[in-house]
């Protein structure tokens, strides 16, 4: 008898998937932000090692890309911690 009540209680709580559609969408958005940030950091090197390239210190590589990567990680953490509004 005790086993039936425990099983019924577990079914009433609505155990299911940890993430919902909103969480997965936010996870994908965060991953895209991180990938775009790393892609923006690419390049800036010189073909000739004797010539210094100023492109290494561009706004895109030093400021924009790290901000996008940080924003992506923040979105990822939010997506993991977010709870659904209603359990149905």
### Task
Would you mind calculating the gained length between residue 62 and residue 82 on full extension (0.36 nm times residue separation, minus the Cα-Cα distance), in nm to one decimal?
4.1 nm
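Rank by packing, highest mean first: peptides 33-44, 65-76, with packing defined as the count of other Cβ atoms within 10 Å averaged across residues. Can you show the working numbers first?
Values: 33-44: 14.6, 65-76: 16.2.
Packing proxy ranking, top to bottom: 65-76, 33-44.
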### Message
Need one number: nm distance between label points at residue 32 and residue 50, each 7 Å from Cα along Cα→Cβ, rounded to one decimal.
### Response
4.6
### Message
Two decimals, Cα atoms only, Kirkwood Rh: what is Rg/Rh over region 14-81?
### Response
1.26
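Each value in this text was obtained by applying a stated rule to the coordinates, not by laboratory testing. All values reported here derive from a predicted model rather than from experimental measurement. Backbone-built Cβ (ideal geometry, glycine too); neighbour counts: all protein chains shown.
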